[in-house]
Amino acid sequence: MHTHHERGIALVLALFLMTALSVLGASLMFLSQTETYASMNYRMMSQARYAGEAGVQKAGNFLLDSTQYTLPTTAQLADYKYDVSPVLRTSNLQPVVLSAKDAACTGSNYPDAAMQTAFCAAAKGALAAGNASISYNSTATLLAMQKFTSYGAGEVVVQTWQITGDGSLSGTRNATVEVVATIETPKVPANSFAAFGTDSGCGALTFGGNVKTNSYDPSTLSGSTAPTTANGALSNDGGDVGTNGNLTISGHVDVYGKLYTPRTGVGNCTTGNVTALTESGAATVSDSLVQLPSPVAYPAPTIPTQSALPAVSLSSAGTTAVTCALLGPTLTQGTQAEVQAGTAQCNVTGSTITLNGTGSTLSLPSLTTTAQVNIVLVASTSAAQYDFNSISLGGQSTIGPYATAAGQTVVVDVVGKDNTGTDIATPIDFTGGSYAAVTGCATCSAYDANFLQIIYGGTGNIIMSGNSAASAVVYAPNSAITLHGTSDIYGSMLGKTIDDTSGANIHYDSNLQNTLFVPGNPVIGTFTWKRY
(Lines give C-alpha, C1' and ligand atoms only; values in the text may rest on other atoms or scores of the structure.)
Protein backbone atom coordinates (compact mmCIF):
# COMPACT_ATOMS: atom_id res chain seq x y z
CA MET A 1 0.00 0.00 0.00
CA HIS A 2 1.38 3.45 -0.88
CA THR A 3 1.71 5.98 1.96
CA HIS A 4 3.40 8.89 0.25
CA HIS A 5 0.54 11.20 1.37
CA GLU A 6 1.61 10.57 5.03
CA ARG A 7 5.10 11.91 4.64
CA GLY A 8 6.13 14.43 7.44
CA ILE A 9 3.58 13.27 10.09
CA ALA A 10 6.39 12.46 12.53
CA LEU A 11 7.57 16.05 12.37
CA VAL A 12 4.04 17.33 13.11
CA LEU A 13 3.70 14.97 16.05
CA ALA A 14 7.09 16.04 17.32
CA LEU A 15 6.05 19.69 17.11
CA PHE A 16 2.84 18.96 19.01
CA LEU A 17 4.80 17.11 21.71
CA MET A 18 7.32 19.92 21.96
CA THR A 19 4.52 22.43 22.32
CA ALA A 20 2.88 20.35 25.04
CA LEU A 21 6.19 19.93 26.84
CA SER A 22 6.85 23.66 26.54
CA VAL A 23 3.44 24.47 28.03
CA LEU A 24 4.03 21.94 30.80
CA GLY A 25 7.48 23.38 31.47
CA ALA A 26 6.13 26.92 31.54
CA SER A 27 3.35 25.80 33.90
CA LEU A 28 5.86 24.17 36.21
CA MET A 29 8.00 27.30 36.09
CA PHE A 30 5.05 29.56 36.95
CA LEU A 31 3.93 27.10 39.64
CA SER A 32 7.40 27.15 41.16
CA GLN A 33 7.42 30.94 41.01
CA THR A 34 3.98 31.05 42.65
CA GLU A 35 5.22 28.80 45.46
CA THR A 36 8.26 31.05 45.86
CA TYR A 37 6.08 34.15 46.07
CA ALA A 38 3.69 32.40 48.46
CA SER A 39 6.57 31.40 50.72
CA MET A 40 8.00 34.91 50.54
CA ASN A 41 4.61 36.47 51.30
CA TYR A 42 4.13 34.09 54.22
CA ARG A 43 7.58 34.93 55.55
CA MET A 44 6.96 38.67 55.21
CA MET A 45 3.51 38.38 56.80
CA SER A 46 4.94 36.32 59.67
CA GLN A 47 7.75 38.80 60.26
CA ALA A 48 5.30 41.71 60.21
CA ARG A 49 2.95 39.83 62.55
CA TYR A 50 5.75 39.07 64.98
CA ALA A 51 6.65 42.75 64.87
CA GLY A 52 3.02 43.62 65.69
CA GLU A 53 3.09 41.14 68.57
CA ALA A 54 6.32 42.78 69.75
CA GLY A 55 4.46 46.08 69.86
CA VAL A 56 1.72 44.48 71.96
CA GLN A 57 4.29 42.92 74.30
CA LYS A 58 6.25 46.16 74.70
CA ALA A 59 3.08 48.11 75.49
CA GLY A 60 1.87 45.40 77.87
CA ASN A 61 5.22 45.29 79.64
CA PHE A 62 5.06 49.04 80.11
CA LEU A 63 1.52 49.06 81.49
CA LEU A 64 2.13 46.14 83.87
CA ASP A 65 5.49 47.39 85.19
CA SER A 66 4.95 49.63 88.20
CA THR A 67 8.43 51.12 87.74
CA GLN A 68 7.34 52.48 84.34
CA TYR A 69 3.59 52.99 84.58
CA THR A 70 1.92 54.41 87.67
CA LEU A 71 -1.78 53.75 88.14
CA PRO A 72 -3.92 56.83 88.82
CA THR A 73 -4.26 57.76 92.46
CA THR A 74 -7.66 58.31 94.04
CA ALA A 75 -7.14 62.07 93.71
CA GLN A 76 -6.43 61.74 89.96
CA LEU A 77 -9.60 59.79 89.21
CA ALA A 78 -11.41 63.08 88.60
CA ASP A 79 -9.51 63.24 85.27
CA TYR A 80 -11.32 60.09 84.10
CA LYS A 81 -14.93 59.31 83.26
CA TYR A 82 -14.78 55.61 84.04
CA ASP A 83 -18.46 54.69 84.18
CA VAL A 84 -18.35 54.16 80.40
CA SER A 85 -16.28 52.04 77.99
CA PRO A 86 -13.89 53.08 76.67
CA VAL A 87 -12.90 55.34 79.54
CA LEU A 88 -13.05 59.02 78.59
CA ARG A 89 -10.87 61.91 79.60
CA THR A 90 -13.00 64.36 81.56
CA SER A 91 -11.61 67.50 79.91
CA ASN A 92 -12.52 66.58 76.30
CA LEU A 93 -14.72 63.47 76.59
CA GLN A 94 -12.44 61.58 74.21
CA PRO A 95 -11.12 58.03 74.85
CA VAL A 96 -8.06 57.79 77.07
CA VAL A 97 -5.26 56.68 74.73
CA LEU A 98 -1.50 56.19 74.98
CA SER A 99 0.20 56.28 71.59
CA ALA A 100 3.63 55.39 70.24
CA LYS A 101 2.72 55.86 66.57
CA ASP A 102 5.49 58.37 66.00
CA ALA A 103 7.92 60.65 67.78
CA ALA A 104 5.13 63.16 68.48
CA CYS A 105 2.97 60.49 70.21
CA THR A 106 0.18 61.34 67.75
CA GLY A 107 -3.20 60.31 69.14
CA SER A 108 -2.25 60.30 72.84
CA ASN A 109 -5.02 61.54 75.11
CA TYR A 110 -3.75 60.46 78.52
CA PRO A 111 -4.12 62.96 81.40
CA ASP A 112 -0.42 62.75 82.36
CA ALA A 113 1.98 64.26 79.77
CA ALA A 114 5.03 62.57 81.33
CA MET A 115 3.33 59.18 81.00
CA GLN A 116 2.55 59.93 77.35
CA THR A 117 6.24 60.58 76.68
CA ALA A 118 7.38 57.48 78.58
CA PHE A 119 4.96 55.20 76.70
CA CYS A 120 5.91 56.76 73.36
CA ALA A 121 9.56 55.90 73.98
CA ALA A 122 8.93 52.39 75.31
CA ALA A 123 6.27 51.00 72.94
CA LYS A 124 7.95 51.29 69.53
CA GLY A 125 11.17 50.11 67.93
CA ALA A 126 12.86 48.50 64.93
CA LEU A 127 14.83 45.36 64.13
CA ALA A 128 16.96 44.24 61.18
CA ALA A 129 15.86 41.14 59.24
CA GLY A 130 18.45 40.41 56.57
CA ASN A 131 18.29 43.24 54.04
CA ALA A 132 14.90 44.37 55.36
CA SER A 133 13.94 46.46 58.35
CA ILE A 134 11.11 45.46 60.70
CA SER A 135 9.49 48.21 62.77
CA TYR A 136 6.71 48.15 65.32
CA ASN A 137 4.63 50.63 67.26
CA SER A 138 1.55 50.44 69.42
CA THR A 139 -1.35 52.30 70.93
CA ALA A 140 -3.27 51.47 74.10
CA THR A 141 -6.89 52.43 74.69
CA LEU A 142 -8.27 52.30 78.23
CA LEU A 143 -11.44 50.19 77.95
CA ALA A 144 -12.37 49.98 81.63
CA MET A 145 -11.21 51.13 85.04
CA GLN A 146 -12.42 50.21 88.50
CA LYS A 147 -11.61 51.47 91.97
CA PHE A 148 -12.06 49.25 95.03
CA THR A 149 -10.63 48.64 98.48
CA SER A 150 -7.93 45.99 98.19
CA TYR A 151 -7.73 43.67 101.15
CA GLY A 152 -5.13 45.06 103.54
CA ALA A 153 -3.84 47.68 101.10
CA GLY A 154 -6.50 50.41 100.89
CA GLU A 155 -7.92 51.92 97.70
CA VAL A 156 -6.52 50.48 94.45
CA VAL A 157 -7.32 50.85 90.77
CA VAL A 158 -7.47 48.05 88.18
CA GLN A 159 -7.64 48.63 84.44
CA THR A 160 -8.45 46.90 81.17
CA TRP A 161 -6.48 48.03 78.11
CA GLN A 162 -6.94 47.26 74.43
CA ILE A 163 -3.51 47.29 72.82
CA THR A 164 -3.05 47.60 69.06
CA GLY A 165 0.39 46.73 67.72
CA ASP A 166 1.37 47.57 64.14
CA GLY A 167 4.24 45.64 62.57
CA SER A 168 5.79 46.77 59.27
CA LEU A 169 8.37 45.18 57.00
CA SER A 170 10.07 47.55 54.58
CA GLY A 171 12.33 46.65 51.67
CA THR A 172 11.83 45.67 48.04
CA ARG A 173 8.35 44.53 49.12
CA ASN A 174 6.38 45.88 52.09
CA ALA A 175 4.03 44.19 54.57
CA THR A 176 1.98 45.56 57.45
CA VAL A 177 0.09 43.54 60.09
CA GLU A 178 -2.12 44.81 62.91
CA VAL A 179 -2.32 42.78 66.12
CA VAL A 180 -4.95 43.56 68.78
CA ALA A 181 -4.97 42.15 72.33
CA THR A 182 -6.78 42.98 75.57
CA ILE A 183 -4.91 42.98 78.87
CA GLU A 184 -7.03 42.96 82.02
CA THR A 185 -6.14 43.05 85.69
CA PRO A 186 -9.23 41.51 87.30
CA LYS A 187 -10.69 42.08 90.73
CA VAL A 188 -10.65 38.70 92.49
CA PRO A 189 -11.63 37.41 95.94
CA ALA A 190 -8.77 37.45 98.45
CA ASN A 191 -10.07 34.26 100.04
CA SER A 192 -11.38 31.83 97.42
CA PHE A 193 -10.18 28.69 99.20
CA ALA A 194 -10.48 26.94 102.52
CA ALA A 195 -6.67 27.10 102.53
CA PHE A 196 -4.14 28.49 100.06
CA GLY A 197 -0.35 28.30 100.24
CA THR A 198 1.54 30.80 98.09
CA ASP A 199 4.82 28.88 98.30
CA SER A 200 5.88 27.09 95.11
CA GLY A 201 7.69 24.17 96.74
CA CYS A 202 6.90 20.82 98.33
CA GLY A 203 4.45 20.76 101.22
CA ALA A 204 3.17 24.30 100.70
CA LEU A 205 0.02 22.76 102.15
CA THR A 206 0.53 19.87 104.57
CA PHE A 207 -2.49 18.11 106.09
CA GLY A 208 -2.23 15.04 108.30
CA GLY A 209 -4.22 12.98 110.76
CA ASN A 210 -8.01 13.23 110.84
CA VAL A 211 -8.49 16.46 108.89
CA LYS A 212 -11.11 17.46 106.37
CA THR A 213 -11.94 20.57 104.39
CA ASN A 214 -15.49 21.41 103.33
CA SER A 215 -17.73 24.50 103.16
CA TYR A 216 -20.73 26.18 104.77
CA ASP A 217 -23.08 29.09 104.11
CA PRO A 218 -23.42 31.36 107.18
CA SER A 219 -26.25 33.37 105.61
CA THR A 220 -28.63 30.54 106.50
CA LEU A 221 -27.63 30.72 110.19
CA SER A 222 -28.17 33.16 113.05
CA GLY A 223 -26.80 33.53 116.55
CA SER A 224 -24.53 30.74 117.76
CA THR A 225 -26.18 28.07 115.60
CA ALA A 226 -23.39 25.84 114.34
CA PRO A 227 -23.34 24.77 110.68
CA THR A 228 -24.21 21.11 110.25
CA THR A 229 -25.25 18.91 107.38
CA ALA A 230 -28.69 18.59 108.98
CA ASN A 231 -29.44 22.32 108.98
CA GLY A 232 -28.28 22.70 105.39
CA ALA A 233 -25.41 25.07 106.05
CA LEU A 234 -22.59 22.52 105.97
CA SER A 235 -21.69 20.64 102.78
CA ASN A 236 -19.07 18.02 102.04
CA ASP A 237 -18.22 19.98 98.92
CA GLY A 238 -16.69 23.37 98.12
CA GLY A 239 -13.76 22.88 100.49
CA ASP A 240 -11.33 23.75 97.72
CA VAL A 241 -7.65 24.19 98.50
CA GLY A 242 -4.96 25.80 96.39
CA THR A 243 -1.24 26.33 96.25
CA ASN A 244 1.50 27.50 93.92
CA GLY A 245 3.34 24.33 94.89
CA ASN A 246 2.49 20.93 96.33
CA LEU A 247 -0.26 19.58 98.59
CA THR A 248 0.91 16.76 100.89
CA ILE A 249 -1.82 14.78 102.67
CA SER A 250 -1.52 11.71 104.86
CA GLY A 251 -3.54 9.70 107.33
CA HIS A 252 -7.33 10.14 107.03
CA VAL A 253 -7.41 13.53 105.34
CA ASP A 254 -10.47 14.28 103.18
CA VAL A 255 -10.33 17.33 100.94
CA TYR A 256 -13.97 17.73 99.97
CA GLY A 257 -13.29 19.95 96.99
CA LYS A 258 -10.79 20.63 94.23
CA LEU A 259 -7.04 21.15 94.34
CA TYR A 260 -5.84 24.18 92.37
CA THR A 261 -2.16 24.43 91.48
CA PRO A 262 0.04 25.21 88.46
CA ARG A 263 1.92 21.98 89.23
CA THR A 264 1.08 18.62 87.69
CA GLY A 265 1.39 14.99 88.65
CA VAL A 266 0.71 12.87 91.70
CA GLY A 267 3.56 11.30 93.64
CA ASN A 268 6.65 12.03 95.67
CA CYS A 269 7.69 15.66 95.68
CA THR A 270 11.29 16.85 95.50
CA THR A 271 12.93 20.21 94.98
CA GLY A 272 13.73 19.30 91.40
CA ASN A 273 10.33 17.74 90.73
CA VAL A 274 7.51 19.52 92.54
CA THR A 275 4.36 17.49 92.01
CA ALA A 276 0.83 18.77 92.47
CA LEU A 277 -0.20 16.16 95.05
CA THR A 278 1.50 13.74 97.40
CA GLU A 279 -0.91 11.44 99.23
CA SER A 280 -0.48 8.48 101.53
CA GLY A 281 -2.64 6.36 103.79
CA ALA A 282 -6.37 6.93 103.29
CA ALA A 283 -5.98 10.59 102.35
CA THR A 284 -7.90 11.74 99.27
CA VAL A 285 -8.94 14.78 97.25
CA SER A 286 -12.56 14.10 96.38
CA ASP A 287 -12.82 16.36 93.33
CA SER A 288 -10.53 17.03 90.41
CA LEU A 289 -7.07 18.57 90.22
CA VAL A 290 -7.31 21.90 88.39
CA GLN A 291 -4.09 23.11 86.78
CA LEU A 292 -3.67 26.86 87.07
CA PRO A 293 -2.13 28.59 84.03
CA SER A 294 0.42 30.33 86.24
CA PRO A 295 1.22 30.85 89.95
CA VAL A 296 -1.23 33.08 91.78
CA ALA A 297 0.36 36.26 93.14
CA TYR A 298 -1.51 37.55 96.18
CA PRO A 299 -0.47 41.13 97.01
CA ALA A 300 1.11 41.60 100.42
CA PRO A 301 -0.92 43.87 102.67
CA THR A 302 0.54 47.18 103.71
CA ILE A 303 2.39 46.82 107.01
CA PRO A 304 1.32 49.53 109.46
CA THR A 305 3.75 51.60 111.50
CA GLN A 306 4.62 49.96 114.80
CA SER A 307 3.43 51.40 118.09
CA ALA A 308 6.09 53.17 120.15
CA LEU A 309 4.63 51.71 123.36
CA PRO A 310 6.54 48.87 125.07
CA ALA A 311 5.19 45.32 125.10
CA VAL A 312 2.36 44.61 127.53
CA SER A 313 1.57 41.42 129.43
CA LEU A 314 -2.01 41.18 130.66
CA SER A 315 -3.27 38.85 133.36
CA SER A 316 -6.65 38.75 135.02
CA ALA A 317 -5.12 37.70 138.33
CA GLY A 318 -1.45 38.39 138.59
CA THR A 319 1.18 41.01 139.14
CA THR A 320 0.06 42.84 135.99
CA ALA A 321 -3.62 43.69 136.00
CA VAL A 322 -5.68 44.50 132.95
CA THR A 323 -5.78 48.29 132.52
CA CYS A 324 -6.52 50.64 129.64
CA ALA A 325 -3.48 52.76 130.44
CA LEU A 326 -1.15 49.92 129.51
CA LEU A 327 -2.57 49.80 125.97
CA GLY A 328 -2.59 53.55 125.39
CA PRO A 329 -2.17 56.43 127.84
CA THR A 330 -4.39 58.66 125.69
CA LEU A 331 -7.26 56.22 125.36
CA THR A 332 -10.49 57.77 126.64
CA GLN A 333 -12.08 55.55 129.24
CA GLY A 334 -15.75 54.95 129.85
CA THR A 335 -18.30 52.32 130.70
CA GLN A 336 -18.59 49.24 128.55
CA ALA A 337 -21.82 50.59 127.07
CA GLU A 338 -20.11 53.89 126.21
CA VAL A 339 -17.27 52.08 124.46
CA GLN A 340 -19.72 49.90 122.55
CA ALA A 341 -21.64 53.04 121.52
CA GLY A 342 -18.46 54.81 120.39
CA THR A 343 -18.42 57.63 122.95
CA ALA A 344 -15.34 56.19 124.70
CA GLN A 345 -12.38 54.08 123.58
CA CYS A 346 -11.57 51.72 126.43
CA ASN A 347 -13.24 49.89 129.28
CA VAL A 348 -12.11 47.17 131.67
CA THR A 349 -14.75 45.03 133.31
CA GLY A 350 -13.29 42.10 135.21
CA SER A 351 -10.96 40.30 132.81
CA THR A 352 -12.66 41.74 129.71
CA ILE A 353 -11.14 44.74 127.96
CA THR A 354 -13.26 46.46 125.31
CA LEU A 355 -11.70 48.77 122.71
CA ASN A 356 -13.19 51.10 120.11
CA GLY A 357 -11.23 53.23 117.65
CA THR A 358 -14.29 55.51 117.31
CA GLY A 359 -13.63 56.01 113.61
CA SER A 360 -9.82 55.95 113.73
CA THR A 361 -7.22 53.18 113.59
CA LEU A 362 -5.96 52.23 117.05
CA SER A 363 -2.20 51.63 117.21
CA LEU A 364 -1.53 49.13 119.98
CA PRO A 365 1.67 47.59 121.41
CA SER A 366 2.75 43.95 121.48
CA LEU A 367 0.22 42.18 123.65
CA THR A 368 0.65 38.95 125.61
CA THR A 369 -2.13 37.48 127.72
CA THR A 370 -1.46 34.85 130.35
CA ALA A 371 -4.76 34.08 132.08
CA GLN A 372 -8.25 34.23 130.58
CA VAL A 373 -8.18 37.81 129.31
CA ASN A 374 -10.94 38.53 126.80
CA ILE A 375 -10.23 41.30 124.30
CA VAL A 376 -13.34 42.66 122.59
CA LEU A 377 -12.91 44.92 119.55
CA VAL A 378 -15.88 47.03 118.46
CA ALA A 379 -16.72 46.64 114.77
CA SER A 380 -18.05 49.16 112.27
CA THR A 381 -19.39 49.14 108.72
CA SER A 382 -16.20 50.88 107.50
CA ALA A 383 -14.00 48.06 108.86
CA ALA A 384 -12.73 49.16 112.29
CA GLN A 385 -8.96 48.64 112.29
CA TYR A 386 -6.75 47.71 115.23
CA ASP A 387 -2.99 47.60 114.61
CA PHE A 388 -1.04 45.44 117.05
CA ASN A 389 2.74 45.10 117.09
CA SER A 390 2.08 41.44 117.89
CA ILE A 391 -0.48 39.24 119.67
CA SER A 392 0.20 36.24 121.89
CA LEU A 393 -2.81 34.63 123.57
CA GLY A 394 -2.37 32.23 126.47
CA GLY A 395 -4.34 30.92 129.40
CA GLN A 396 -7.56 30.45 127.38
CA SER A 397 -7.64 34.12 126.41
CA THR A 398 -9.67 35.28 123.41
CA ILE A 399 -9.90 38.13 120.95
CA GLY A 400 -13.12 38.80 119.11
CA PRO A 401 -15.52 41.36 117.60
CA TYR A 402 -18.48 43.24 119.02
CA ALA A 403 -21.06 44.22 116.40
CA THR A 404 -24.64 45.42 116.35
CA ALA A 405 -25.51 44.45 112.77
CA ALA A 406 -24.41 42.28 109.88
CA GLY A 407 -21.89 43.90 107.56
CA GLN A 408 -19.78 45.34 110.36
CA THR A 409 -16.14 44.29 110.49
CA VAL A 410 -13.08 44.20 112.71
CA VAL A 411 -9.65 44.16 111.08
CA VAL A 412 -6.71 43.07 113.23
CA ASP A 413 -3.59 44.20 111.35
CA VAL A 414 -0.35 42.90 112.85
CA VAL A 415 2.91 44.83 112.38
CA GLY A 416 5.36 42.06 113.30
CA LYS A 417 7.89 44.46 114.90
CA ASP A 418 8.32 45.60 118.50
CA ASN A 419 8.45 49.23 119.60
CA THR A 420 12.16 49.42 118.66
CA GLY A 421 11.51 48.18 115.10
CA THR A 422 12.98 44.71 115.71
CA ASP A 423 11.29 41.85 113.85
CA ILE A 424 9.24 39.45 115.98
CA ALA A 425 9.72 35.79 115.04
CA THR A 426 6.11 34.76 115.80
CA PRO A 427 3.97 37.90 115.74
CA ILE A 428 0.69 35.95 115.99
CA ASP A 429 0.63 33.14 118.53
CA PHE A 430 -2.68 31.65 119.63
CA THR A 431 -1.13 28.57 121.24
CA GLY A 432 -3.02 28.99 124.51
CA GLY A 433 -6.00 31.01 123.28
CA SER A 434 -8.17 31.66 120.26
CA TYR A 435 -10.45 34.09 118.48
CA ALA A 436 -13.96 34.48 119.87
CA ALA A 437 -17.43 34.64 118.37
CA VAL A 438 -19.09 37.96 117.59
CA THR A 439 -21.11 39.44 120.45
CA GLY A 440 -23.78 42.16 120.54
CA CYS A 441 -25.79 40.99 117.51
CA ALA A 442 -28.31 38.29 118.29
CA THR A 443 -29.43 37.98 114.67
CA CYS A 444 -25.87 37.75 113.27
CA SER A 445 -24.21 34.41 112.66
CA ALA A 446 -21.22 33.63 114.85
CA TYR A 447 -19.85 31.81 111.81
CA ASP A 448 -19.74 34.83 109.48
CA ALA A 449 -15.98 35.05 108.89
CA ASN A 450 -16.19 38.68 107.75
CA PHE A 451 -16.65 39.86 111.32
CA LEU A 452 -13.01 39.15 112.25
CA GLN A 453 -10.20 39.55 109.73
CA ILE A 454 -6.59 38.95 110.75
CA ILE A 455 -4.02 40.45 108.39
CA TYR A 456 -0.23 40.21 108.44
CA GLY A 457 2.11 41.32 105.66
CA GLY A 458 5.45 40.20 107.09
CA THR A 459 7.40 36.95 106.96
CA GLY A 460 7.21 35.87 110.61
CA ASN A 461 5.47 32.71 111.78
CA ILE A 462 1.81 32.39 112.75
CA ILE A 463 0.39 29.82 115.15
CA MET A 464 -3.39 29.69 114.98
CA SER A 465 -5.86 27.90 117.18
CA GLY A 466 -9.39 27.23 115.97
CA ASN A 467 -12.73 27.74 117.68
CA SER A 468 -15.68 25.47 117.05
CA ALA A 469 -18.02 28.31 118.03
CA ALA A 470 -16.54 31.16 115.97
CA SER A 471 -14.99 32.07 112.65
CA ALA A 472 -12.27 34.30 111.21
CA VAL A 473 -10.27 35.07 108.08
CA VAL A 474 -6.46 34.95 108.08
CA TYR A 475 -4.62 36.68 105.22
CA ALA A 476 -0.83 36.43 105.47
CA PRO A 477 0.63 35.59 102.03
CA ASN A 478 4.27 35.66 103.18
CA SER A 479 3.95 33.82 106.48
CA ALA A 480 4.24 30.19 107.56
CA ILE A 481 0.99 29.25 109.34
CA THR A 482 0.78 26.33 111.76
CA LEU A 483 -2.62 25.22 113.05
CA HIS A 484 -2.52 24.29 116.73
CA GLY A 485 -4.97 22.03 118.53
CA THR A 486 -7.97 20.11 117.27
CA SER A 487 -10.61 22.88 117.36
CA ASP A 488 -12.08 23.53 113.96
CA ILE A 489 -11.28 26.51 111.76
CA TYR A 490 -14.30 28.30 110.26
CA GLY A 491 -13.54 30.82 107.55
CA SER A 492 -10.41 30.78 105.38
CA MET A 493 -6.63 30.59 105.75
CA LEU A 494 -4.09 32.07 103.34
CA GLY A 495 -0.35 31.92 104.01
CA LYS A 496 2.95 31.10 102.39
CA THR A 497 2.73 27.61 103.87
CA ILE A 498 0.00 26.02 105.99
CA ASP A 499 0.67 23.06 108.27
CA ASP A 500 -2.42 21.33 109.63
CA THR A 501 -1.25 18.07 111.15
CA SER A 502 -2.89 18.60 114.53
CA GLY A 503 -6.36 17.51 113.42
CA ALA A 504 -8.18 20.83 112.95
CA ASN A 505 -10.86 20.67 110.27
CA ILE A 506 -11.11 23.71 107.96
CA HIS A 507 -14.63 24.77 106.99
CA TYR A 508 -14.72 27.36 104.22
CA ASP A 509 -17.16 30.29 104.50
CA SER A 510 -18.60 30.29 100.96
CA ASN A 511 -19.75 33.92 101.30
CA LEU A 512 -16.11 35.02 101.14
CA GLN A 513 -16.36 34.61 97.37
CA ASN A 514 -18.30 37.88 97.33
CA THR A 515 -16.20 39.97 99.74
CA LEU A 516 -12.59 40.96 100.47
CA PHE A 517 -11.10 41.55 97.03
CA VAL A 518 -7.55 42.02 95.72
CA PRO A 519 -6.12 42.71 92.24
CA GLY A 520 -5.61 39.42 90.40
CA ASN A 521 -3.00 38.28 87.89
CA PRO A 522 -3.12 40.21 84.58
CA VAL A 523 -4.65 38.13 81.80
CA ILE A 524 -4.90 38.44 78.02
CA GLY A 525 -8.58 38.26 77.18
CA THR A 526 -8.60 38.47 73.35
CA PHE A 527 -6.06 38.23 70.54
CA THR A 528 -6.75 39.04 66.85
CA TRP A 529 -4.69 40.11 63.85
CA LYS A 530 -5.14 41.23 60.26
CA ARG A 531 -2.93 42.07 57.29
CA TYR A 532 -3.23 45.34 55.43
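The values are calculated or read from the model by the stated rules, or taken from the named source; none is laboratory data. Note that the structure is a prediction, hence the values are computed from the model and not measured. Cβ sites come from the backbone with ideal geometry, for glycine too, and all protein chains shown count toward neighbours.
From Ala325, Ala344, Ala337, grab the single residue that is part of a loop (DSSP other than H, G, I, E, B) and either assigned by TED's automatic domain parsing to the domain that holds Ala470 or under 34 Å from the mean Cα position of the chain (by Cα) (or both).
Residue meeting the stated conditions: Ala344.
Take the residues of the stretch 500-532 that are of a type in the set (Phe, Trp, Tyr) and assigned to a strand (DSSP E or B): which is nearest to Asn461 (Cα to Cα)?
Ranking the candidates gives Tyr508 first.
Read through the list (1) surrounded by fewer than 17 Cβ atoms within 10 Å (Cβ to Cβ); (2) at pLDDT 90 or above, then give the number of the only condition that Ala317 fails.
Checking Ala317 against (1) surrounded by fewer than 17 Cβ atoms within 10 Å (Cβ to Cβ); (2) at pLDDT 90 or above, the one that fails is (2).
Please state which one of Ser294, Ser390, Ser360, Ser382 is within 28 Å of Ile463 (Cβ to Cβ) and of a type in the set (Gly, Ala, Ser).
Ser390
Answer yes or no as to whether Leu277 is closer than 30 Å to Ala153 by Cβ, without any contact (Cβ under 8 Å) to a residue 60 or more places away in the chain and not β-branched (Val, Ile, Thr).
Considered against the rule, which asks whether it is closer than 30 Å to Ala153 by Cβ, without any contact (Cβ under 8 Å) to a residue 60 or more places away in the chain and not β-branched (Val, Ile, Thr), Leu277 comes out as no.
Taking the conditions exactly as written (assigned to a strand (DSSP E or B), in the same structural domain as Gln146 (by TED's automatic domain parsing), in contact (Cβ under 8 Å) with a residue 12 or more places away in the chain and not β-branched (Val, Ile, Thr)), does Leu98 satisfy them or not?
yes
Mind telling me which of the residues Thr482, Thr497, Thr420 ends up being farther than 26 Å from Thr358 by Cβ and in a loop (DSSP other than H, G, I, E, B)?
Step by step, each of Thr482, Thr497, Thr420 is checked, and only Thr420 is farther than 26 Å from Thr358 by Cβ and in a loop (DSSP other than H, G, I, E, B).
So how many residues does the stretch 57-69 have that are surrounded by 13 or more Cβ atoms within 10 Å (Cβ to Cβ) and out of contact with any Ser or Thr (no Cβ under 6 Å at 6 or more places or on another chain)?
Qualifying residue count for the region: 9.
Working only within the stretch 237-255, note down all residues that are in a loop (DSSP other than H, G, I, E, B) and either surrounded by fewer than 23 Cβ atoms within 10 Å (Cβ to Cβ) or charged (D, E, K, R) (or both).
Asp237, Gly238, Asp240, Ser250, Gly251, His252
Tell me which residues, restricted to the stretch 477-495, are surrounded by 22 or more Cβ atoms within 10 Å (Cβ to Cβ), within 30 Å of Ser66 (Cβ to Cβ) and in contact (Cβ under 8 Å) with a residue 60 or more places away in the chain.
Pro477, Ser492, Met493, Leu494, Gly495
Out of the stretch 352-367, which residues are crowded, with 19+ Cβ neighbours inside 10 Å and of a type in the set (S, T, N, Q)?
Hits for the stretch 352-367 are Thr354, Asn356, Ser363, Ser366.
How many of the residues in the stretch 74-89 are exposed (fewer than 15 other Cβ atoms within 10 Å of the Cβ) and of a type in the set (Ser, Thr, Tyr)?
Result for the stretch 74-89: 2.
All but one of (1) surrounded by 16 or more Cβ atoms within 10 Å (Cβ to Cβ); (2) of a type in the set (A, V, I, L, M); (3) farther than 29 Å from Ala75 by Cα hold for Leu127; which doesn't?
Of (1) surrounded by 16 or more Cβ atoms within 10 Å (Cβ to Cβ); (2) of a type in the set (A, V, I, L, M); (3) farther than 29 Å from Ala75 by Cα, only one is false for Leu127: (1).
So Tyr447 fits all but one of (1) among the aromatic types (Phe, Trp, Tyr); (2) assigned to a loop (DSSP other than H, G, I, E, B); (3) within 14 Å of Ile428 (Cα to Cα); what number is the exception?
Only one criterion is unmet by Tyr447, namely (3).
Does Gln345 count as in contact (Cβ under 8 Å) with a residue 40 or more places away in the chain, under 15 Å from Pro401 (Cα atoms) and not β-branched (Val, Ile, Thr)?
No.
Determine, yes or no, whether Leu127 is within 16 Å of Val56 (Cα to Cα), of a type outside the set (Lys, Arg), in a strand (DSSP E or B) and touching a Pro at 6+ places or on another chain (Cβ under 6 Å).
Here the answer is no, as Leu127 does not meet what is asked.
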